[in-house]
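Read through the structure below, which is laid out as structure tokens, and then see the notes.
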Amino acid sequence: MHRRRELIQDLSNRKRICILPKNYVVKVRVSLLTILLLIASIDFFLLFSSRLTFVKLGVVMLITIAAFIFYAFCMKKIKSATIKGDTLIVNSLNKKSKVASLRSIKNVKTKSFAGLQLTSLNYSLDGRVENALFIGHASYLPFSPENTIKEAVKLSKKRKANLKPGPVSAKKIA
């Protein structure tokens with residue numbers, strides 16, 4: 001409960017809040033490269049374990065193509081996010097950053113299975129709907145990235161509503 005209050009206080013004070021750990025991007029890159037190296041070693045084992053046939057060559061090519069498609073998908077979709085004030089900063093694995101307003105977030109969903117937490121984020125940027133995927137184990141913050149983002153959006157909308165001018169009353173001049 002205390003950490004939740006600290007998080008809400010940080011959001012109110014417009015401090016920088018990392019939704020995922022700071023070394024998240026490096027860990028994901030290393031994991032993806034490890035998977036590619038593991039698949040390459042399996043391919044070499046299949047190729048050189050016995051006689052080379054067209055079936056074996058086809059299986060190795062299929063596994064290699066599937067691995068590179070998976071790698072490209074992950075490099076495009078998996079991102080990290082940070083909240084600073086009323087903005088969402090999304091960093092991709094290839095070090096490109098995008099900055100959007102918290103009010104441009106369309107949808108946030110979290111699914112959990114086998115100890116992993118998959119959070120999908122859809123937001124609008126320059127008239128296009130962008131999406132990001134966060135993968136993690138236990139939550140870095142007191143609650144899931146979905147709840148953190150939703151709380152930040154709620155506070156951002158409340159701040160914007162407080163900035164609107166109230167009704168203006170006209171004085172009658174007699």
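The values are calculated or read from the model by the stated rules, or taken from the named source; none is laboratory data. In this text the structure is predicted, and so the values were computed from the model without any measurement. Every residue, glycine as well, gets a Cβ built from its backbone with ideal geometry; the counts of neighbours run over all protein chains shown. To get the accessible areas, we keep the full protein, side chains included, count just its heavy atoms, and leave off ligands, DNA and RNA. Shrake-Rupley method; radii C 1.70, N 1.55, O 1.52, S 1.80 Å.
Quick notes
- At an R0 of 25 angstrom, the distance between the Cβ atoms of S97 and E6 translates into a FRET efficiency of 0.45.
- Helix-only arithmetic for the chain: the sum of -39500 (n - 2.57) across DSSP H runs with n ≥ 4, divided by the residue total, places the mean residue ellipticity at 222 nm at -15500 deg cm²/dmol.
- Percent accessible area from carbon and sulfur atoms, the chain, protein chains only, probe 1.4 Å: 64 percent
- Our estimate of slack between K22 and F44, defined as 0.36 nm per intervening residue step minus the Cα-Cα distance, is 4.4 nm.
- Computed from the Cβ-Cβ distance with R0 of 45 Å, the FRET efficiency linking K150 to L52 stands at 0.25.
- Violating pairs (Cα-Cα greater than 19 angstrom) within the set K77/K154; K77/K106; K22/K79; K27/K95; K106/K150; K106/K158: K77/K154
- D126 exposes around 150 Å² of accessible area when a 1.4 Å probe is run over every protein chain in place.
- Using the Cβ-Cβ distance between S124 and L62 with R0 set to 35 Å, the FRET efficiency works out to roughly 0.40.
- Positive contributions from Lys and Arg (+1) and negative ones from Asp and Glu (-1), summed over other residues with Cβ under 14 Å from the Cβ of T64, come out at 0.
- Heavy atoms of S80: accessible area, 1.4 Å probe, square angstrom to 10: 10 Å²
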